[in-house]
Amino acid sequence: MAPLDLLPTPASDPPPRAPLSRSETLVDSPATASSMVGPALPRRGPAEDSLPEEREAKEKERLKTSRQADYTGEAEATHGLVRATSALPSDPHPETPGESALPSGAQSPAISPEDAEAEAGLTAEQKAERKEARKKGAPPPLQDQTNLLPFRQLIVVFIGLAIAIFVSLLDQTIVSTAIPQIANDFNSGQQAEWVGTSYLVTSTVFQPIYGRVSDIFGRKFVLLFTLAIFLVGSILCAVAQSMIQLIAFRAVTGIGGGGIITLVMIIVSDVVAMKDRGKYQGIIGGVVAMGNSIGPVIGGVFTTKATWRWCFWLGVPLSGLAIVVVIFLLPLRRVKGNMKTKLKQVDYLGTVLSLMGTMGILLPLSWGGTSFAWSSAAVIAPLILGALFIGLFLVVEWKFAKIPNIPLEIFQNKTVCGVQIATFLSGCAFYVQLYYLPQYFQVVKGFSSLQSGTQLLPLIVVQTVFSFSSGLIVSLTGRYRANIYLGFAIWSVGLGLLSTLSLHSTTAQQVGYLILTGVGAGQTFQTTLIAAQAAVPRHQMAVVTGTRNFLRMLGGTVALAVCQAILNNSVKSELLQAGFAQDLVDAITSSPTTYTSLNLTAPQILAVQNSFSDGVQNVFRFCFPCAIVAFFVSALMIDAHSLKRGDEDQLKAKGKEWAAKHAHKKDEEKGDHPAEGEAPAAGTHAQEQPQLLVTLPHHEEKTPPAPTSEPKP
């Protein structure tokens, strides 16, 4: 930097200057390091050469702060002081010579401290996008959280993710075999079905929000938030003293549980390359299948051997363990920027409209045919309002939301549309078989809660194995369509056979039908997600994943409501025709597994068993065409996309380097900083310190003060 006494006076009217070089714009910077773009230092004359002691001390303090700035990539910005990221040795996008040059008298656009922090670690193209967004008054582009980790770090990541998603999915179905006992303890059979429904409703309603919120606040932060809500909800459910309390607390638990599922799948897409994602998604898919399927077994064990409250106490230590693992062992990139900036990016109107619209549709569907007649105002009015809110939500997302929760342009992609439709239909079939197969084994076959859970083991084991194997095949071959087509075809056959189950079906028939169903369902869980993610750019993966999970849960919730009406109507019709009194029919349908305690005669018990057998058959006849339609939708709409991305090798290298820095972060934080007024020792931090550009505030002084000491260069 040129000494201050060589600069011309303001009255000398210097000729136009050429653009400043890097060396002219840096303060105390090594010649070998690159610098950051920033405002040019103004020329000063002799009148300004002699700074007062206090201004000189202030500048000294500023320089000392700049030298002590953390060089690990976390930005610090103050007035006139901006962190340069290009000086980091690991930056794969160094600035080119002359990039920081500004025309004479030009000033860089003002960058607030939070914007400067958010831009730390971004490439030159990403910084340009943010700068253009600031000029237009639009929100800055969301930070890409892709961080392809090496194998060792992936093992740690997947331990935490597997625990988290297992807890959530186990809680979805663990109460399915415990509901009859819960109804008896609270003497509230009419409301018992809401113990499961309330969880599904809230977890479904919040699904579309989590994808975009994690883009804004970061995956790790949102995952910990959902785990904390789940933990609190589980404790409250375990100590509930009434059916109303239990239903409300299950709704709270569902808010957290639904977010856990989506966040885990999004994080997998962040840390694993697309071509390797099949086998890792297969692992998660196996955990999904096992958590969903083993839930009724564990619920039956607790209900039979202990108390149904242990179904909820089990989630407390598991979710607590997941929180500890996520905090200390999950290495994910932090989203830059302060909380105020992030809060401004949330689509509040879209969030409220989506919650009201989804709730307005799901609640009356759950009430219809059970709590209220389908033709009643309590069902029709909420449906109309829900449809209205959904329409307003779509308009807001299309025209007004700056960062929409669900950008509608994703549905212009044929593959994404095909996956979303197929996922909705598969959700219908999947949740129906999980909830109504245990009822078949208990009511029709007369098994206990524990026995009905063990009868599902063929489905559990086969689904888990084929979920993992199909993902492995996708990773090895790079093709996913064959697994999707074959899976839906076999699943259709299995559901068709399940629709023939009766009072006289043999064990071999039951096991065979469940194995076929498991083979088909297992091949579609994660392959459809891979197909959707392969069809979109990285910045849309989170919202596509969240939307896919939302539609899967929505399909399950809608189907359970519809199938409950189908089963009740079928059973009521047959029992009334058999001469049962209306009060007795209502008692049987409100708590089907306790009909043996109603002092029925042998012919009446046989009539109840046959009526429920016919009702379950009708339920699976509803699911059978869902799988058929999903097969044809997949065949016609899901296209083949390459699982190779051109920049993944570079991202893997950056991820490996980032993981190494993360592992040594504590050691680096304990490293010595330069003493006050001293430059870093040669060969130590001198080449690692990011260079800083200082913009001295320009003050016009009519009578400059006389120099008090020799000016220092």
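Ordering His641, His504 from the fewest to the most neighbouring beta carbons within 10 Å gives His504, His641.
Take peptides 508-516, 534-542 and line them up by average Cβ neighbours within 10 Å, highest first, as a rough protection proxy.
Per-residue Cβ counts within 10 Å, averaged per peptide and sorted highest first, yield 534-542, 508-516.
Taking only the C-alpha atoms of region 193-316, Rg followed by Dmax gives 15.7, 50 Å. What FRET efficiency would be calculated for the residue pair Val465, Thr307, taking the C-beta separation as r and a Förster radius of 35 Å, to the nearest 0.05? E between Val465 and Thr307, to the nearest 0.05, is 0.60. Highest average first, the peptides 472-478, 239-245, 563-569, 431-437 ordered by how many other beta carbon atoms sit within 10 Å of their residues are 431-437, 563-569, 472-478, 239-245. Region 180-233 and region 377-431 have Cα centres lying 20 Å from one another. The Cβ shell under 13 Å around Leu598 holds other residues with a net charge of -2, Lys and Arg each +1, Asp and Glu each -1. The alpha carbons of region 417-568 stretch over 52, 33, 24 Å along the principal axes, in descending order. Legend: ranking of residues Met274, Met356 from fewest to most surrounding C-beta atoms inside 10 Å; resulting order Met356, Met274.
When only alpha carbons of region 323-423 are considered, Rg and Dmax amount to 18.7, 54 Å. Approximating the spin labels as points 7 Å out from Cα along Cα→Cβ, the Leu408-to-Ala387 distance works out to 1.8 nm. For region 394-468, the normalised intensity computed at q = 0.14, 0.15, 0.17 Å⁻¹ comes to -0.68, -0.71, -0.78 (log10 of I(q)/I(0), Debye sum over alpha carbons, equal scatterers, no solvent). Debye-formula intensities of region 347-402, expressed as log10 I(q)/I(0) at q = 0.13, 0.17, 0.18, 0.31 Å⁻¹, are -0.35, -0.52, -0.57, -1.08 (one equal scatterer per alpha-carbon, no solvent).
Each reported figure results from applying straightforward, stated rules to the coordinates on display, with no laboratory input. Bear in mind the structure is a predicted one, so any value in this text is a computation, not a measurement. Cβ: placed from backbone, ideal geometry, glycine included. Neighbour counts: every protein chain shown.
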